[in-house]
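Here is the structure we will look at, set down as structure tokens.
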Amino acid sequence: MIFFHNSGNFLCARPNGSKGNDAEDPLRFNCYFCKMRLEYKDLLPEDFNPQSRVWIYQASRIFTLSEALEIEDLLQSFADSWTSHGDKVKGSAHLFFGQFIILMADETASGVSGCSTDSSVRLIKGIEEKTGVSLFDRQNMAFVIEDKIQLLPLSQLKYSIDNEFINGNTLYFNNLVVTKFELENNWIIPVKDSWLGKKYSFEKTVSS
């Protein structure tokens, strides 16, 4: 099981067959990269239709290593048992960069009903209660600044742009994507290519 954890910007792989209590000994994990990696596409299920539905939940802080491992177990268990009107949902669940929970359902295999969507929301709310982290706050926006994921309240965005803390080339997590195709191609993009590029001017900072 592989997950991204951004505490120290490591990509960590959990040893096969390891249990949740391994989280108490981080040295038992193989940390391959000391510099933050933004690659994630190879961790998405290859056999899911490009139009598979996607839900992204951004945490208000990075999860600790022990929290991340527990969340990985919860997500795997949920994906394995996800049903819609008694039928198995072809679904997957991931924790990327220690801060983004991504659920995916391939509706070409089985539809996702309101009840099955409600069950996914209960999962996320349960993680909120367990960790004390907010996963439904859409007012915080995530950017990659100085090789780290930084959250910025929407109310401070204009100030940050005017003072060039953020420019048109700054990478932005576009959590509005709703399909696997969009997740693969339009999730982590330069600010100038997002909806923000249409709302704000980046002429001073965007190189031609």
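Checking each residue in segment 42-61 for being assigned to a loop (DSSP other than H, G, I, E, B), among the aliphatic types (A, V, I, L, M) and crowded, with 21+ Cβ neighbours inside 10 Å picks out only 59. Quick one: is residue 112 under 24 Å from residue 71 (Cβ atoms) and of a type in the set (Val, Ile, Thr)? Answer is yes for this residue. Confirm whether residue 143 is under 15 Å from the mean Cα position of the chain (by Cα), assigned to a loop (DSSP other than H, G, I, E, B), modelled with pLDDT of 90 or more and not aliphatic (A, V, I, L, M). No: the conditions fail for residue 143. Filtering segment 153-175 to residues that are of a type in the set (Phe, Trp, Tyr), under 25 Å from residue 44 (Cβ atoms) and either in a loop (DSSP other than H, G, I, E, B) or free of Cβ contacts under 8 Å to residues at least 40 places away in the same chain (or both) leaves only 172. In the set 141, 104, only one residue is in contact with a helix residue (DSSP H, G or I) (Cβ under 7 Å, 6 or more places away or on another chain) and in contact (Cβ under 8 Å) with a residue 60 or more places away in the chain; that residue is 104. Restricting attention to segment 103-122, the residues being closer than 14 Å to residue 87 by Cα, crowded, with 20+ Cβ neighbours inside 10 Å and of a type outside the set (A, V, I, L, M) number 1.
Of all the numbered requirements in (1) closer than 24 Å to residue 47 by Cα; (2) in contact with a Lys or Arg (Cβ under 6 Å, 6 or more places away or on another chain), residue 178 misses one, and that requirement is (2).
Quick one: is residue 80 acidic (Asp, Glu), farther than 24 Å from residue 176 by Cα, surrounded by fewer than 14 Cβ atoms within 10 Å (Cβ to Cβ) and modelled with pLDDT under 50? No, not satisfied.
Against the criterion of being assigned to a helix (DSSP H, G or I) and loosely packed, with under 14 Cβ neighbours inside 10 Å, residue 72 does not qualify.
Name every residue in segment 100-122 that is in contact with a strand residue (DSSP E or B) (Cβ under 6 Å, 6 or more places away or on another chain) and at pLDDT 90 or above, in order of residue number. Result: 100, 101, 102, 103, 104, 105, 120. Which of the residues spanning segment 143-188 are in contact with a Pro (Cβ under 8 Å, 6 or more places away or on another chain), within 21 Å of residue 201 (Cβ to Cβ) and either crowded, with 16+ Cβ neighbours inside 10 Å or hydroxyl-bearing (Ser, Thr, Tyr) (or both)? The answer is 168, 170, 171, 172. Scanning segment 125-138 for residues that are within 27 Å of residue 37 (Cβ to Cβ), assigned to a helix (DSSP H, G or I) and free of Cβ contacts under 8 Å to residues at least 40 places away in the same chain yields one hit, 128.
The values are calculated or read from the model by the stated rules, or taken from the named source; none is laboratory data. Values in this document were obtained by computation on a predicted structure and should not be read as measured data. No Cβ is skipped: glycine too gets one built from the backbone with ideal geometry, and neighbour counts run over all protein chains shown.
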